[in-house]
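This report concerns only the one structure given below.
The values are calculated or read from the model by the stated rules, or taken from the named source; none is laboratory data. Fair warning: this is a prediction, and the values are worked out from it, not measured in the lab. A quick note on method: Cβ atoms are made from the backbone with ideal geometry, for glycine too, and the neighbour counts reach across all protein chains shown.
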Amino acid sequence: MMQTLLEFWKRWKTGVVQSLLQYHGREDHATVRVLLLACIGTVAMPLYYVVWQHFFPQEYESLPLRLVGIVLCAVGLFARQFSRRMLDLYLLVTLSYIFPFFFTYMFLMNHASGVWSESLLIGLIVLFHFDTGVALKAYLIGTSLAVAAAALIGDTAALTSRLVLQQLPIHWFTIAVLAAAKISRQVLAQEKLAGLGAGLATVAHELRTPLTSVDANVRGLLRMCSEGTGPLPADRVGTIDALARIQFEVRHMNHMIDLFLLSATAVRRSLRPIETVSMEAVVEAVLKRYPFVNASQQKLVALEVRRNFSFAGQSELSVVILLNLLRNALKAIQRAGKGRVRIVVDGGHVPPRLLFIDTGCGIPAQQKPLIFHRFYSYPPHNGAGIGLALCQEIMDAWSATIACVSRESAYAIFILEFPLQPSLAK
């Protein structure tokens, strides 16, 4: 019997984990958190009103405050329809009201009872699982309003009572531990990326040796086949063509290894700007460096320089960004079976910008918020999912921005905007 229950538990747990992973893959991470908060709050607010009002009555309870919380949580059930700005505003307002304000106000009005002391502590733990900056704002706003409301309505002496004040060190210590845990997770993520980069570099270097051997053997065979005078037999012509294709593929693979090594190096190096980079020069360098499959593919890419500009960054990291964007654009064209790529250097725009436009397969609206997430790739299993995330990380380090405008089956436009530097513009 026990074995059967354990097997059922394992199957159920695996199913839940897989469902959550698939769900997170379809939705923006912030939207997922808002939806979870809304679902839990919509159920918990009325449920615990019944519990604390009828089963374990507390000194103070407020149905109107509960109703406001229920309404706020119910609004969050429509988070998929929110714009990014509306989502951020909703999250700040709802977090400020539910966790710091409501829980702190009930804690004070119940004179720091055991039930509300523990409830407030749990609320703070949940709050600081959200973005630390948003959580701190919500904590300060909500706690201040709760103290002000309790002072106006309740007993002001309770605010400075020993029972209330002794909770503050516990709360602040909890907040500090949660913040430290978040930093540790971020460090661990960076270590994983560094390990991924090191592994990628090792694999790339290991591939060099067999490719060099193949290239040398192909060159030898080509010399042997080309020896002699007069017209070549048809079978020898076919052999020479096949060897030439092999030689081309070897060169293509060597170029791709260069791209992998650049990405691996970027993962492990400092991203801060250290030099002034000419946008036109770096774009031209990328177009010369990129391993196009053939001349036809190369002709699909056009460069338009409206006005050159310079920016504070790093040349090698700029190459990494543009190589990733060009690679993704050409893949989109290949998947769609149509389209072209246009790269526009627009230093006359304020702020200066680079437009990377492809008329390939485009990006579905529901996938667009996710494309800059680390380890997310579209279509699924199409690469490691670190290219665009790395691009955004580099751009952030340069106080620049990267955004995407797209329509499925029509186009994708990546807009890279850089801080205005009048003295450096050309």
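Checking V320 against (1) part of a helix (DSSP H, G or I); (2) touching a strand residue (DSSP E or B) at 6+ places or on another chain (Cβ under 9 Å); (3) under 16 Å from W398 (Cβ atoms): exactly one of these is not met. Which one?
Condition (2) is where V320 drops out.
Determine which member of the set A336, A365 is surrounded by fewer than 20 Cβ atoms within 10 Å (Cβ to Cβ), outside the structural domain of S83 (by TED's automatic domain parsing), over 24 Å from the mean Cα position of the chain (by Cα) and modelled with pLDDT of 75 or more.
A336
Could you tell me whether any residue of the stretch 134-143 is at pLDDT 90 or above and either among the polar types (S, T, N, Q) or more than 23 Å from L37 (Cα to Cα) (or both)?
yes
Does the stretch 388-412 hold any residues that are of a type in the set (K, R) and within 17 Å of the chain's Cα centre (by Cα), and which are they?
none
Against the definition (among the small types (G, A, S), free of Cβ contacts under 8 Å to residues at least 12 places away in the same chain, on the phi < 0 side of the Ramachandran plot and assigned by TED's automatic domain parsing to the domain that holds T276), how does A295 come out, yes or no?
When the stated conditions are applied, A295 passes them.
Quick one: in the stretch 400-426, of everything that is hydrophobic (A, V, I, L, M, F, W, C) and modelled with pLDDT under 90, which residue is farthest from G348 (Cα to Cα)?
L424
Are there any helices (runs of 4 or more DSSP H) wholly within the stretch 77-164 with 2 or more residues that are in contact (Cβ under 8 Å) with a residue 40 or more places away in the chain and touching a Pro at 6+ places or on another chain (Cβ under 8 Å), and if so which?
Filter on the stretch 77-164 gives 132-153.
Report whether or not L303 is surrounded by fewer than 17 Cβ atoms within 10 Å (Cβ to Cβ), at pLDDT 90 or above and over 17 Å from L271 (Cα atoms).
yes
Suppose we keep only residues that are farther than 19 Å from L390 by Cα and among the polar types (S, T, N, Q) within the stretch 265-300. Which one would you say is modelled with the lowest pLDDT?
The extreme case among them is N294.
Consider the stretch 286-309. How many of its residues are assigned to a strand (DSSP E or B) and under 27 Å from the mean Cα position of the chain (by Cα)?
0
Please tell me if Q186 is of a type outside the set (A, V, I, L, M, F, W, C), out of contact with any helix residue (DSSP H, G or I) (no Cβ under 7 Å at 6 or more places or on another chain) and modelled with pLDDT of 90 or more.
It is false that Q186 is of a type outside the set (A, V, I, L, M, F, W, C), out of contact with any helix residue (DSSP H, G or I) (no Cβ under 7 Å at 6 or more places or on another chain) and modelled with pLDDT of 90 or more.
Just a yes or no: is a residue in the stretch 47-70 out of contact with any strand residue (DSSP E or B) (no Cβ under 7 Å at 6 or more places or on another chain), over 30 Å from I153 (Cβ atoms) and at pLDDT below 95?
No - not one qualifying residue is present in the stretch 47-70.
For the stretch 51-66, check the following and say yes or no: at least one residue is touching a His at 6+ places or on another chain (Cβ under 7 Å), touching a residue at least 24 places away in the same chain (Cβ under 8 Å) and among the acidic types (D, E).
Yes, the stretch 51-66 contains at least one residue that is touching a His at 6+ places or on another chain (Cβ under 7 Å), touching a residue at least 24 places away in the same chain (Cβ under 8 Å) and among the acidic types (D, E).
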